[in-house]
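Worksheet: one structure, shown below.
The values are calculated or read from the model by the stated rules, or taken from the named source; none is laboratory data. Predicted model only: the values in this text are computed from it and were never measured. So basically every Cβ, Gly included, is an ideal-geometry build from the backbone, and we count neighbours across all protein chains shown. When the accessible area is computed, the model is the full protein with side chains, heavy atoms only, and any ligands, DNA or RNA have been set aside. Shrake-Rupley method; radii C 1.70, N 1.55, O 1.52, S 1.80 Å.
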Amino acid sequence: MTETEHVSPGPFVPSRYRVVDRKTENSDITTLWLEPVDRPIAPFKAGQFNMLTAFGVGEVAISISSAPGAPGAIEHTVRDVGAVSHALASSQIGDVVGLRGPFGTDWGLESLTGCNVVVVVGGIGLAPLRGAMRYLAENPAPDRKVVLRVGARLPDQIVFPEEMERWREMGVDVEVTVDVADAAWTGHVGVVTQILTELPFDGAGAVALVCGPEIMMRFSARSLIDLGVSPENIRVSLERNMQCGIALCGHCQLGPFLLCRDGPVVPYAPLAAELITEIER
Amino acid sequence: MPSPDAVVIDANGVDSLITSLRAQGFRVMGPVVANGAIVHREIRAAKQLPVGWHDEQEPGSYRLSHGDDGEMFGWAVGPESFKQSVFPSRSVLWRARRDGQDLAVEATGDDVAPEAFFGARPCEVAALKVLGGVLAGAASPDPVFTRRRETAFVVTVECGRPAATCFCTSMGSGPGAAADFDLALTELAGPSGRFLVRVGSERGAAVLAGVASRPATAEDHRARDEVLGHAVAAISRTLDAEAAPGLLARNLEHPRWDDVAGRCLACGNCTLVCPTCFCAAVEETTDLAGTVEETRRWDTCFDLAHSYLHGGSVRVSTRSRYRQWMTHKLSTWVDQFGNSGCVGCGRCITWCPAGIDITEECAAIAASDGAVKTSEPTAVRDR
Amino acid sequence: MEEMSELIAKNSLFAGLPDSTIQLAVGCAQNVTFEPGARILVEGEPADTLYLLRRGRVALQVQRPSGKPLIIETIGPNSVLGWSWLVPPYRWQFDGVAIDPVGAIAIDGTCLRAKADADAVFGYELLRRISGVLLSRLQSTRVRLLDLYGHSLDD
C-alpha cells in the first residue's frame, strides 16, 4: 500500500461505486444498487443524501433509499429529469459511478421510540423515506403505531408498491390514494389530504415525516395540524439546487438554510412553514 | 509610548520588503495600474506600485487620476480583491480516466507557490476572514482555499484615501487594520514617504527583520491616528449593519424590491467584484481521449441557473434574484455563518453598471420598514 | 342494536346536533346495505337519497365507451354520499358503485327537504354543515387539479 492511499483525496473527489443491480420502478424512476469499488463512504442515516456522478456528464444529489445499517449494496432511486439523472438512470450493471456523501440532516429515527409516527409522501417522495419506513417496519415497538399515507397521480406512478404491501403485513397502517384511476384500481381516489382526515391515534404527541413537492407538504402539514399533530413535530424534507453537498457552493440556500447542511430534513415549524409559502425564495 | 512591535520604514524600505518576501519564497501580488484600474499583479519592486495614482469612485463609475504627491497607496480598492488568490475563478477539482469499463479518479493537486497579498486593504483582510468562515469553517473545508489562505502572507495597508463608495466604518472592517495580518502598513503624511509598520505575526517579524527601519515614535503613532482620523471623516456612506438582518428578514415583500428590480440588469457584476461572494458551480467536461475533468467556477445568484431545480428556476424574477443577493449578504449570512457577509468595500456600488447602491437600498427599506406591496386596483391608486 | 338516532349522530354531518334535531332526520332514515359492485347512484336517474356511509367505500365514477369506468373519487366510512337530491333537477350526475360491502343510512331526500323547509333553523344548520362538506370536497378537487405530485417546478 502506498502512502498516498492514506491521504484523503479531498471532499470533492468521488468514490467509485459499481452498479450491481438495477430495477425500473416505472417509466421514469429507476433504483440502482451500488457497491464500493475501493473507498466506501461513511455510514449514513435515513433521510440523508449522496452526490452521484455519472462520469463525463455531471454530479447530482440523490437521496439514499435503502435502510441505514442494512447489509449489502446501498440503494438510490433516481428520477430521470435531467441530463445527469438520465445518465444515472440509464446506467447498466457493471458500470462505475461516483459517490460522495452522506450529506445533510436525517429523519431522526432514534427519537421515534415512544411515539406514534405518521409518514406522508407524495410522488417519488417515498424514496427519501424508504429507508426510514424499512427501519420502522422492521423494528416494531409496542408503544409505537406507524401510519403511511401515500399520494400519487396515477396508479402506475406509485413507487415500491410491493414493499408497501410487505410493510402492511408487518403492521404498518398503509393507505394509498391516486388522483386519477380506472376500475382496475381498488384503492382510494382523491388527494393525499383526503386520507389524512383521521388517525388511528391521538395526533398530539405523534411525529410526522413528510416528503413530496412543496405544495403537497404544505397542504399535508395543515391536515396534520388539524389532526392535532404539533407543528414542531412535523419534519419535512426540502430541496434546492445542490452542487457540492458540503455547504461550499451556495446553491441550496433557502432563506437562513443551507439545505445540504441544515437540511434536507427540517422541522416544519417555525421556519420551514413560512419558507415553503414564500415565492421565489 | 512607542510600541516595540512597530517600526518606521521609507520608500526604499517598501522595496526591500518586497525583496524580502520574494526571498522567502512568496509570490508577491500587489497593486499595479493596468487597463485603467488598480489591479493585482505579481510585483518585484516598489516602483511597480501605483505611485501618485488616485481612484475616484461613485455609483457606476471608476476613474483613475494622477497627482504629483508621490503617495504609494493613495487609492481605495480596485475591482479585484484577493478572493481570486484564495478562491480562483476556476479550479480543476479532479480528473477521471477511463480504462475499458474501469475508471481511475484522481485528485488534482493545487500546488501554486504561496502568495503575499501586498497592499490588501483592511476591508479585504476582513473579507478573507468572512470567506474563511464559509470555506474553511465548513465541516469539510475547501482544500483550495484552506491551503492558499494558510500559506498566504498578508501585508495590509491601512486606508488614507477612502473612496466615496466606501462604508467600512459601518461594517467594522476599516479604515484601520486590527488583526489577521502579518504586517500592517500605514502611509504617513509628509513628503519623503514614511510608513509605520506594525507586526501581526512571527512570520511578519522575520520578514521585517531584513528591512532597514527605525523604531516608531509616539509622533509616528500620532501621525497614523491622524491618517485614520481623516479617513473616517471622509467616509460618508453608512449602513446599519446591526439592524439590517432583522430589517431585511421582515421586509421580503417591501415595494423597494420592485423598484430596484426595475434598475438591476441581473448582470452579476456585484457578485464578481464582491470579495466575499463564494457561490460556485461545477462543470464536468470530457476530452476526446475520454478524460473527465471536474471544474469549479465562480457562479452568481443573478444567473437563472443558480436556483435551477428539475424543471425550472426557483428565482425567476430579477426582483427575487436581487433580493436573494442582498438579503444573503446582509441578513441570512448571519443565520448561516454567524456574521455579516458584507465588509463595506463598496465595490458592488462602483461596478454596478446601473449604479445601484446597497447602502441606499437598505436605507430605503428602513425608511418605510414594514411597507408591503399594495394590491389596490390601479384605478384607485392613480386617482 | 344501536338506535338509528345514535347512528346518525355518529356521522360527521350530524355530529353534535341536539337530539331533537337528530330526530327530524331519524324520521326520514333507514338502514341499507350494498354488495360490492352495486350501483348505489345511477347517472341520470332521479336523485332522492342522502347516504351516510357507515362502512365500506363507494367509488364515484363515470362510464366510458370501453366499459372501464373512470373513478372520480372514493368516499369512505363516516363520509356523506350524494348531494343531487338537494337541488333541482334532482338527478344523479355520476355513478356511485360499492367497492366493498357497504353499510349506510339512507335518508329520504324529499322528506329531509320538507323538514328543512318547515323548520328554517334546522334547514339552515343542515345547509351550513352540507356546505362545509361540499367546500372541503371542492378544495380537494381543486388541489387535485394542481397535479400535486407534479414533476416539474414550472410546466
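Any idea which residue in the range A:31-48 is farthest from the chain's Cα centre (by Cα), counting only those that are closer than 12 Å to A:VAL78 by Cα and surrounded by 20 or more Cβ atoms within 10 Å (Cβ to Cβ)?
Checking each candidate, the answer is A:LEU32.
Go through the range A:159-193 and give me each residue that's open to solvent by less than 60 Å² (accessible area, probe 1.4 Å), in contact (Cβ under 8 Å) with a residue 12 or more places away in the chain, at the interface with chain C (Cβ under 10 Å from one of its Cβ atoms) and in a loop (DSSP other than H, G, I, E, B).
A:ASP179, A:VAL180, A:TRP185, A:GLY187, A:GLY190, A:VAL191
Among A:CYS249, A:CYS244, A:CYS260, which is within 14 Å of chain B (Cβ to nearest Cβ), modelled with pLDDT of 95 or more and not in a loop (DSSP other than H, G, I, E, B)?
On inspection, the qualifying residue turns out to be A:CYS260.
Just to be sure, is A:ILE225 out of contact with any strand residue (DSSP E or B) (no Cβ under 7 Å at 6 or more places or on another chain) and either closer than 16 Å to A:VAL119 by Cβ or open to solvent by 20 Å² or more (accessible area, probe 1.4 Å) (or both)?
Yes, satisfied.
Suppose we filter A:CYS252, A:CYS260 for residues that are out of contact with any helix residue (DSSP H, G or I) (no Cβ under 9 Å at 6 or more places or on another chain), crowded, with 24+ Cβ neighbours inside 10 Å and among the hydrophobic types (A, V, I, L, M, F, W, C); which single one remains?
A:CYS260 is the lone residue from the list that is out of contact with any helix residue (DSSP H, G or I) (no Cβ under 9 Å at 6 or more places or on another chain), crowded, with 24+ Cβ neighbours inside 10 Å and among the hydrophobic types (A, V, I, L, M, F, W, C).
Please find, within the range B:306-321, the residue that is nearest to B:PRO255 (Cα to Cα) out of those that are open to solvent by 10 Å² or more (accessible area, probe 1.4 Å) and more than 13 Å from chain C (Cβ to nearest Cβ).
Filtering the range B:306-321 for residues that are open to solvent by 10 Å² or more (accessible area, probe 1.4 Å) and more than 13 Å from chain C (Cβ to nearest Cβ), the one nearest to B:PRO255 (Cα to Cα) comes out as B:ARG319.
Give me the residue from the range A:84-104 that is without any contact (Cβ under 8 Å) to a residue 60 or more places away in the chain and facing another protein chain (nearest Cβ under 10 Å) and, out of that set, least open to solvent (accessible area, probe 1.4 Å).
A:SER85
Which residues, taken from the range B:246-304, are open to solvent by 10 Å² or more (accessible area, probe 1.4 Å), without any contact (Cβ under 8 Å) to a residue 60 or more places away in the chain and either basic (Lys, Arg) or in a strand (DSSP E or B) (or both)?
Selection gives B:GLU283, B:GLU284, B:THR285, B:THR286.
Would you confirm whether or not the range C:109-128 contains a residue that is surrounded by fewer than 18 Cβ atoms within 10 Å (Cβ to Cβ), among the aliphatic types (A, V, I, L, M) and closer than 17 Å to C:ILE8 by Cα?
Yes - at least one qualifying residue is present in the range C:109-128.
Given the range A:13-131, what strands (runs of 3 or more DSSP E) lie entirely inside it while holding 2 or more residues that are among the small types (Gly, Ala, Ser)?
Once the strands (runs of 3 or more DSSP E) in the range A:13-131 are filtered for at least 2 residues that are among the small types (Gly, Ala, Ser), what remains is A:58-63, A:96-103.
From the set of residues in the range A:67-104 that are in contact with a helix residue (DSSP H, G or I) (Cβ under 6 Å, 6 or more places away or on another chain) and aliphatic (A, V, I, L, M), which is nearest to A:ILE29 (Cα to Cα)?
The selected residue is A:VAL78.
Given (1) within 12 Å of another protein chain (Cβ to nearest Cβ); (2) open to solvent by less than 50 Å² (accessible area, probe 1.4 Å); (3) polar (S, T, N, Q), identify the lone condition not met by A:SER65.
(1)
Would you please list the contacts, defined by Cβ atoms under 6 Å and residues six or more apart or on different chains, that run from a residue in the range A:215-231 that is farther than 22 Å from A:ALA152 by Cα to a residue that is in a helix (DSSP H, G or I) and open to solvent by 40 Å² or more (accessible area, probe 1.4 Å)?
Once the first residue is farther than 22 Å from A:ALA152 by Cα and sits in the range A:215-231, its partners that are in a helix (DSSP H, G or I) and open to solvent by 40 Å² or more (accessible area, probe 1.4 Å) give A:PRO231/A:ILE225.
Being loosely packed, with under 14 Cβ neighbours inside 10 Å and not charged (D, E, K, R) is true for just one of B:ALA34, B:ALA46. Which residue is that?
B:ALA34
Applying the selection to the range A:225-241, what residues are more than 19 Å from the chain's Cα centre (by Cα) and either more than 11 Å from chain C (Cβ to nearest Cβ) or not in a helix (DSSP H, G or I) (or both)?
Within the range A:225-241, A:ILE225, A:LEU227, A:GLY228, A:VAL229, A:SER230, A:PRO231, A:GLU232 meet the criteria.
Counting only residues that are surrounded by fewer than 18 Cβ atoms within 10 Å (Cβ to Cβ), give me the strands (runs of 3 or more DSSP E) lying completely in the range B:90-184 with at least 1 of them.
B:90-99, B:102-107
Residue under question is A:VAL207, and the condition is that it be within 18 Å of the chain's Cα centre (by Cα), away from every other protein chain (no Cβ under 11 Å) and not acidic (Asp, Glu); does it hold?
Spelling it out, A:VAL207 is indeed within 18 Å of the chain's Cα centre (by Cα), away from every other protein chain (no Cβ under 11 Å) and not acidic (Asp, Glu).
Strands (runs of 3 or more DSSP E) wholly in the range C:48-155 with at least 3 residues that are at pLDDT 95 or above and of a type in the set (Gly, Ala, Ser) - which ones?
C:102-108
Quick check, is B:CYS342 within 27 Å of B:PRO162 (Cα to Cα) and part of a helix (DSSP H, G or I)?
So B:CYS342 fails the test.
State all residues of the range B:201-224 that are more than 24 Å from the chain's Cα centre (by Cα) and not small (Gly, Ala, Ser); if no residue qualifies, say none.
Passing the criteria: B:GLU202, B:VAL207, B:LEU208, B:VAL211, B:ARG214, B:PRO215, B:THR217, B:GLU219, B:ASP220, B:HIS221, B:ARG222.
Hey, can you tell me all the residues within the range C:39-97 that are closer than 23 Å to C:SER12 by Cα and facing chain A (nearest Cβ under 10 Å)?
Once the filter is applied, which keeps residues that are closer than 23 Å to C:SER12 by Cα and facing chain A (nearest Cβ under 10 Å), the range C:39-97 yields C:ARG57, C:ALA59, C:LEU60, C:ILE72, C:GLU73, C:THR74, C:ILE75, C:GLY76, C:PRO77, C:ASN78, C:SER79, C:VAL97.
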